[in-house]
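Enquirer: Below is one structure. I have some questions about it.
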Amino acid sequence: SSLCVRMGRLEISSAFLLLGLTSLVCWAEPDRELEHSEGLADRIAASISGLAPASVFFPGPMEIHPDHRAAGFAVWAALQQVYQQNLIRPLAIAYEISVQNPINFCIDITSEKASKEIVMAAYASQNSENNYPELVIALNKTRTLSLAPKVDHAEGFFQFSEKDLDISLREMTHHMIDLYL
C-alpha cells in the first residue's frame with residue numbers, strides 16, 4: 001500500500017539522518033517481492049560504477065528474509081559485471097542481518113551498540129511485526145563467543161577475494177560452508 005511505502009521511506013530517511021549519510025537512493029521495489037533479475041543486477045552495477053566505492057556490503061546468502069537473500073544475489077551479480085568490465089574492483093563483503101552466515105572476520109561493536117539500537121528503532125513498522133533490535137543484538141552477542149572477554153557485542157562479515165567473484169554466489173556459498181568442515 002502507499003501508506004507502507006510512505007512509512008518505509010520516512011523510516012529510511014530517519015535512519016539515514018541518524019547514520020549521518022550524505023546520499024540516499026530508494027528504488028520502489030515491493031516488500032517481500034524483490035527478485036534477483038538481470039535488470040536489477042544491471043541497475044546495481046550502474047550504481048556501483050557511478051559511486052566507485054572501495055567496498056560494497058550486501059546481505060549474506062543464508063539470510064531468511066527473501067528480500068535480503070535476493071538483494072545479496074543481485075549485488076553479487078552486479079559485482080561480477082563491474083569486475084568483468086574492469087571498471088573498479090571494490091571489496092565484496094557480506095554481512096549478517098537476522099541469522100548467522102559464514103563469516104571470516106568480526107568487528108567489535110561494543111561501543112556502538114547503543115547507537116545501533118537507536119537506528120534500528122527508526123524502523124517502527126518492521127519492529128511492530130518482529131522485535132528486530134532484540135534479534136539483531138542477540139546475534140551480535142552470539143558473535144562474541146570466540147572473542148576476547150572485553151568484546152561485549154560484535155558483527156560478523158565475510159570478505160570475498162576477487163577470485164571468488166568468478167563463480168556464482170550459490171557455488172561460493174557452498175565453499176564458504178565447507179570452510180567450517
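The values are calculated or read from the model by the stated rules, or taken from the named source; none is laboratory data. Keep in mind the model is a prediction, meaning the values are calculated, not measured. No Cβ is skipped: glycine too gets one built from the backbone with ideal geometry, and neighbour counts run over all protein chains shown. Ligands, DNA and RNA are stripped out before the accessible areas are found, and what is left, the full protein with its side chains, is counted by its heavy atoms. Shrake-Rupley method; radii C 1.70, N 1.55, O 1.52, S 1.80 Å.
Enquirer: Specify which of the listed residues (S146, S161, S115, S128) is loosely packed, with under 14 Cβ neighbours inside 10 Å and under 30 Å from Y83 (Cα atoms).
Expert: Matching residue, one of S146, S161, S115, S128: S161.
Enquirer: If you check L34, L24, L10, which single one turns out to be aliphatic (A, V, I, L, M) and closer than 27 Å to I103 by Cα? Break it down into steps so the answer makes sense when it comes.
Expert: Values: L24 fails: closer than 27 Å to I103 by Cα; L10 fails: closer than 27 Å to I103 by Cα.
L34 is the lone residue from the list that is aliphatic (A, V, I, L, M) and closer than 27 Å to I103 by Cα.
Enquirer: Find all pairs meeting these conditions: Cβ atoms under 6 angstrom apart; at least six residues apart or on different chains; first residue within region 43-68 and touching a residue at least 60 places away in the same chain (Cβ under 8 Å) and closer than 16 Å to L91 by Cβ; second residue open to solvent by less than 60 Å² (accessible area, probe 1.4 Å) and acidic (D, E).
Expert: G60/E96
Enquirer: Let me ask something additional. Has region 49-61 got any residue that is modelled with pLDDT under 95, open to solvent by 60 Å² or more (accessible area, probe 1.4 Å) and part of a loop (DSSP other than H, G, I, E, B)?
Expert: no
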